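Visitor: I am attaching a structure below and will ask some questions about it afterwards.
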Amino acid sequence: MRVSLFITCFNDTLFPGTGKAVVSLLERLGCTVDFPMDQTCCGQMHYNTGYHREAIPLIRHFVEVFGDSEAVVSPSASCVSMIHEVYPKVAAELGDEKLQRDVAALIPRVFELTTFLVHKLKIEDVGAYFPHRVTFHPTCHSLRMLRIGDAPQRLLRKVRGIDLVELPSAEECCGFGGTFAVKNADTSIAMLSDKIRCVLDTGAEYCASADNSCLMHIGGGLHRQRAGVNPIHIAEILASTEQGMEGDGIAAAAATAERTERS
């Protein structure tokens with residue numbers, strides 16, 4: 001299958017190692033990966049902060065750039081939920097029948113990484129090796145909007161060497177929510193404190209997730225406490241192999257921790 005990588009502006013700017021891990025993983029599984037150079041933001045940041053009109057050109061652009069893709073895969077449940085849930089709503093509100101048709105045709109071909117692997121490729125064992133104690137944080141968008149279910153956990157359970165530990169109160173929000181963390185800082189910090197306490201209770205070396213936005217928030221809190229727990233995107237774990245191929249999760253996690261410290 002030919003896959004178009006939608007890296008998202010957040011990952012492209014702050015976590016490019018995640019995109020490299022996705023490419024390494026998909027190519028190892030036999031996919032041909034391309035990267036449309038004209039891709040930009042999906043418009044979620046604008047839409048969620050009330051700038052609906054400003055999001056429209058970005059929505060149209062996304063549909064134009066990826067309209068001919070056989071499959072579009074992204075390491076961001078948040079951005080994929082924007083495409084699946086908001087794009088049809090915006091197209092309907094505009095009364096643009098062509099945009100509605102184009103969006104309806106594209107959505108079934110846009111996948112969050114773990115759902116693409118489990119439900120499209122029908123693969124759970126991707127040949128990964130990650131000999132570490134890991135807990136997994138399911139993000140709000142993946143749970144409540146995209147409803148990816150247990151696809152990430154099914155993949156992680158098949159990773160050789162992993163010690164996967166259930167996260168207490170896993171479904172509680174970490175408090176990031178994009179600009180929510182800025183506009184409601186005190187509430188965000190309180191929610192983050194609860195999440196960090198749950199992560200530390202697991203004794204995990206790594207906290208994994210399907211969204212780097214939440215991982216940046218959680219990782220920042222862990223770093224400030226000198227907790228010794230590294231945030232890591234699930235793609236970086238799944239790309240890791242015993243041979244230490246490019247995209248190795250341990251190296252990627254170290255880079256993630258370094259970026260979190262700088263931020």
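Visitor: If the elastic network links every pair of Cα atoms under 10 Å, which of GLN100, GLN225, GLN153 fluctuates the most in the Gaussian network model of the chain?
Guide: Checking each option, the largest mean-square fluctuation is seen for GLN225.
Visitor: Something else: Binning every alpha carbon pair distance of the stretch 1-142 at 5 Å from zero, what are the percents per bin?
Guide: In whole percents, the pair-distance histogram is 2, 9, 19, 23, 20, 13, 8, 4, 2, 0, 0.
Visitor: Taking the chain as a Gaussian network, Cα atoms linked when under 10 Å apart, which of SER76, SER213, SER188 shows the biggest mean-square fluctuation?
Guide: SER188
Visitor: OK, next. Hey, if we sort PHE176, PHE10 by accessible area with the 1.4 Å probe, largest down, what's the order?
Guide: PHE10, PHE176
Visitor: What spacing in nm lies between the two simple spin-label points modelled at GLU93 and TYR129, each 7 Å away from Cα in the Cβ direction?
Guide: 5.1 nm
Visitor: Using just the helices of the chain, give the 222 nm mean residue ellipticity in deg cm²/dmol: DSSP H runs with n ≥ 4 each add -39,500 (n - 2.57), and the total is spread over all residues, rounded to 500. It would help to have the intermediate numbers written out before the result.
Guide: Values: 13 runs with 122 residues, N = 263.
Here the helix-only value at 222 nm equals -13500 deg cm²/dmol.
Visitor: Next up: Just how large is the dipole of the stretch 82-199 about the Cα centre, in debye to the nearest 20, putting +1 at every Lys and Arg Cβ and -1 at every Asp and Glu Cβ?
Guide: In debye, rounded to 20, the stretch 82-199 gives about 340.
Visitor: Now, a different point. Could you list which residues have their amide H under 5 Å from that of ASN230, counting only those 5 or more apart in sequence or on another chain, with H placed in the peptide plane?
Guide: Those qualifying (amide H under 5 Å, at least 5 residues apart or on another chain) are TYR206, CYS207.
Visitor: Leaving out ligands, DNA and RNA, and with a 1.4 Å probe, what % of the accessible surface on the chain is carbon or sulfur?
Guide: 51 percent
Visitor: Additional query: Express the accessible area of the stretch 69-185 per residue in Å², computed with a 1.4 Å probe while the remaining protein chains stay in the model.
Guide: Values: 5200 Å² over 117 residues.
That works out to 44 Å² per residue.
Visitor: Lysine pairs in the chain 8 or more apart or on different chains: how many have alpha carbons under 24 angstrom apart?
Guide: 7
Visitor: Here's a follow-up. Could you work out how far apart the two model spin labels at LEU143 and LYS120 are, taking each label as a point 7 Å from the Cα in the direction of the beta carbon, and quote it in nm?
Guide: 2.5 nm
Visitor: Please report, in debye to the nearest 20, how large the charge dipole of the chain is about its Cα centre when each Lys and Arg carries +1 at its beta carbon and each Asp and Glu carries -1 there.
Guide: I would put it at about 220 debye.
Visitor: Then there's this: Enter the angle in degrees (range 0 to 90, nearest 10) between the Cα long axis of helix 52-66 and the first principal axis of the Cα atoms of the chain, meaning the one along which they spread out most.
Guide: Rounded to the nearest ten degrees, it is 90.
Visitor: If the chain between THR40 and ASP12 were fully stretched, how many nm would it gain, using 0.36 nm times the residue separation less the Cα-Cα distance?
Guide: Net length gain for the segment: 9.1 nm.
Visitor: At a threshold of 8 angstrom on Cα-Cα distance, excluding pairs fewer than six apart, so keeping six or more, what relative contact order does the stretch 196-239 reach in percent? Provide the component values of the computation, followed by the final result.
Guide: On the way: 46 pairs, mean separation 19.4, N = 44.
Averaging sequence separation for qualifying contacts and normalising by length gives 44 percent for the stretch 196-239.
Visitor: Continuing with the same structure: Over all alpha-carbon pairs of the chain, lay out the pair-distance distribution in 10 Å bins, whole %, shortest bin first.
Guide: Histogram of Cα-Cα distances, whole percents per bin: 7, 32, 37, 20, 5, 0.
The values are calculated or read from the model by the stated rules, or taken from the named source; none is laboratory data. Owing to the predicted nature of the structure, the values given are computational and were not obtained by experimental measurement. For neighbour counting, all protein chains shown are included, and Cβ atoms are generated from backbone atoms with ideal geometry for every residue, glycine included. Just so you know, the surface numbers come from the protein's heavy atoms only, side chains and all, with ligands and any DNA or RNA stripped out. Shrake-Rupley method; radii C 1.70, N 1.55, O 1.52, S 1.80 Å.
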